[in-house]
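These notes are about the structure you will find just below.
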Amino acid sequence: MSTIFNIAKTRRIGKKGFFTSHNRSRFISAAAATPSVLVPTNNQITHLVLEQKSANEALKTFQWASTIPNFTHDVSTYRALIHKLCCFRQFHVVEKVLDEMPKRIGSLPDEDIFITIVRGLGRARMIREVVRVLDMVVKFGKAAPSLKLLNSILDVLVKEDIDIAREFYRKKIMETGLSGDDYTYGILMKGFCLTNRIRDGFKLLQVMKNHGVKVNVVVYNTLIHALCKNGKVGRARSLMNEMERYSDVTFNILISAYCGEGNLVQALVMLEKCFGNGFVPDVVALTKLIEILCNEGRISEAVEVMERVEAKGGTHDVVVYNTLAKGFVKAGNVRGGCGLIRQMEVKGCLPNTETYNALILGFCSSQKMDSALDLFHEMKRAGVRWDFVTFETLTHGFCSAGKTREGVEIFELMLEDKGGCGGRIRCCNSILYSLYKNNNVGKAVEFLNYMKNWFPLAVDHTLMILQLCEEGNADEAKKILDEVRERGRAPSALVYASLIQEHCKKGCMKEAVELVNEMIGLGYFPVASTFNALISGFCKQGRAGIAVRLMEDLKTRGCLLDSESYGVVVEALWAEGDLQQVFVMLMQMMERGIALNHHTWNLLIRVAMKGKSENRFLQTGYMAKFDLLIH
């Protein structure tokens, strides 16, 4: 044993090593007092070896146990030592341990020891050495390796290369006259499916049937999962019909697959089949089913499914409840979602930050900020931590509701609670957007300077863009915007507003429209001053028709047009002589309650006089409306 367990050849263990611990002193003192009674068992030594934190400590623990009077190692303690050595890739030491094992205890390494070595080599991805374990078996005079050991090697090879695994199967199992068992075929099926070789998987299935091997549920589930992963859910369902019995995994795979392709009807059919066979879906499949029901607006059915799963012994986790809470919010029933919090608490599934964030978002979206704030404070009372999403949602909610001051207060509370912004600029952009909507550019610039403490580079870029736009240098300003976007930052509404107005002044209408679309895509709806610049730009180029279509598009996106928006277009249409379209636009102003300014009133009178003099619109009844409007 000196070649392996010579303490002088091992690294010294520090002061906090195993041999200064209570474990060793306990055994030494106990053995000295009553050695015939308190000799440690092999099971105890096995656990001590497995608890060590390095290969060196495991070796020294094993040697120390050898010095205890009346104690003798056995196969189990050797297996524990070999396992620890494999964990730290000390395979050269493993070979020496194997060589000395018969001399020390008079026993050869058993099958489980060789399997331990195979798995250790597999974790180390030493594939060639894995196959050479069979040479070790021969070396120790063992009979032909068992199918269990061959299956262990096959399992390792499959994870690395299915072709190598298949060759091993042919040469070491088939050609030696062994018949693979269901575990062998299950390993091969896993290999084929992991590499998406589904056709080979079906061939293997046929081989099993031809050899009279009963195909177990694991093999079927493996192939069904591969089919679903490749979008062949119908074929997977057909394969399921071949099965003599199912498992809960079978239904979980198919329910999830049907949900993934949006086939709610078949997902529900599979759920009923699952219940009918005495199974309940797991939380993953249940979550997907709840999500698709909520997306379809079928909240009551989602609740019913949850209740049925629970009644049949299934479990719910916080993710399932959060999914349902988001469904209530999407359906506009935030109060119903709040009821879930009470239900979760009763059932011992405590709501987390995501639960509250979903409900706070719901109240913010409907501008019920008092209710959102109540939930915010409830989080603190319940011991649920606020995260950055919580603060961002509330800040955006207050700013969207026109309560910029409250939004700033939430932002400052975030700075206090989190010690900064965490590199997240959304709160700041929400505040800037609110100030922009209120045409309070001065305050916005003031807040930008305040932001420098956390986002110096973003603020510098924003101020540079604003300055360049003031100087009429839109091209350079656009280059800076491109640089900001490349860094993954979301520019503020001020940046877009300035660039749009400057491009419109220069007549670059295509670029201006692209910026408007991008701005709206980020959730920033341009105020009147911004889109009026766009409308005016088209009208100045004699493209009043495009301006009219743009106005219609802006209205559908939620932008509020004003008298200036209509006035510019009406004058352009008048100049183009399109009297009928002028009248249509004026009537739209009246219907939307938009007050006419002085210039538009004068134009209205001119339109009316011209219409009468040319005897136009008399057949349509429009002039009667004009007369009522004027008089």
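Numbers at a glance
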quantity	calculated
Boolean, residue 165 is part of a loop (DSSP other than H, G, I, E, B), within 25 Å of residue 94 (Cβ to Cβ) and among the aliphatic types (A, V, I, L, M)	no
Residue within the range 176-186 that is out of contact with any Pro (no Cβ under 7 Å at 6 or more places or on another chain), of a type in the set (A, V, I, L, M) and assigned to a helix (DSSP H, G or I) present	no
Residue match in the range 129-138 (condition: crowded, with 19+ Cβ neighbours inside 10 Å, in contact (Cβ under 8 Å) with a residue 60 or more places away in the chain and among the β-branched types (Val, Ile, Thr))	no
Matching option when the condition is within 20 Å of residue 287 (Cα to Cα) and of a type in the set (A, V, I, L, M, F, W, C), among 401, 372, 382, 331	331
Residue ID - surrounded by the most Cβ atoms within 10 Å (Cβ to Cβ), chosen from residues in the range 524-557 that are without any contact (Cβ under 8 Å) to a residue 12 or more places away in the chain and under 30 Å from residue 489 (Cβ atoms)	553
Of residues in the range 193-234 being polar (S, T, N, Q) and crowded, with 16+ Cβ neighbours inside 10 Å, the one farthest from residue 247 (Cα to Cα)	222
Any hit, the range 544-552, residues being modelled with pLDDT under 80, touching a helix residue (DSSP H, G or I) at 6+ places or on another chain (Cβ under 9 Å), of a type outside the set (D, E, K, R) and not assigned by TED's automatic domain parsing to the domain that holds residue 513	no
Of the criteria (1) part of a helix (DSSP H, G or I); (2) without any contact (Cβ under 8 Å) to a residue 40 or more places away in the chain, which one residue 488 fails	(1)
Test: residue in the range 497-510 that is of a type in the set (Asp, Glu), touching a residue at least 24 places away in the same chain (Cβ under 8 Å) and not in a helix (DSSP H, G or I)	no
Test: residue in the range 593-604 that is touching a helix residue (DSSP H, G or I) at 6+ places or on another chain (Cβ under 9 Å), more than 21 Å from residue 528 (Cα to Cα), surrounded by 14 or more Cβ atoms within 10 Å (Cβ to Cβ) and modelled with pLDDT of 75 or more	no
Of all residues in the range 105-116 being farther than 19 Å from residue 152 by Cα and touching a residue at least 24 places away in the same chain (Cβ under 8 Å), the one that is surrounded by the fewest Cβ atoms within 10 Å (Cβ to Cβ)	107
Verdict on residue 433 being touching a residue at least 60 places away in the same chain (Cβ under 8 Å) and either closer than 26 Å to residue 499 by Cα or surrounded by 14 or more Cβ atoms within 10 Å (Cβ to Cβ) (or both)	yes
Residue count for the range 117-128, restricted to those that are over 18 Å from residue 184 (Cα atoms) and either in contact (Cβ under 8 Å) with a residue 12 or more places away in the chain or buried (at least 16 other Cβ atoms within 10 Å of the Cβ) (or both)	8
Residue list for the range 196-217, filter: within 13 Å of residue 239 (Cα to Cα) and small (Gly, Ala, Ser)	201
Any pair with Cβ under 9 angstrom, 6 or more apart, that starts in the range 306-321 at a residue that is surrounded by fewer than 17 Cβ atoms within 10 Å (Cβ to Cβ) and ends at one that is outside any helix (DSSP H, G or I) and of a type in the set (Gly, Ala, Ser)	308/314; 312/278
Lone qualifier among 303, 280, 249 - being in contact (Cβ under 8 Å) with a residue 12 or more places away in the chain, of a type in the set (Val, Ile, Thr), crowded, with 18+ Cβ neighbours inside 10 Å and not in a helix (DSSP H, G or I)	280
Residue within the range 88-104 that is crowded, with 16+ Cβ neighbours inside 10 Å, of a type in the set (A, V, I, L, M) and farther than 24 Å from residue 128 by Cα present	yes
Residues of the range 334-354 satisfying the condition of being under 25 Å from the mean Cα position of the chain (by Cα) and within 19 Å of residue 300 (Cα to Cα)	334, 337, 338, 340, 341, 344
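The values are calculated or read from the model by the stated rules, or taken from the named source; none is laboratory data. Source: prediction; values computed, not measured. All Cβ positions, even for glycine, are placed from backbone atoms using ideal geometry, and neighbour counts span all protein chains on display.
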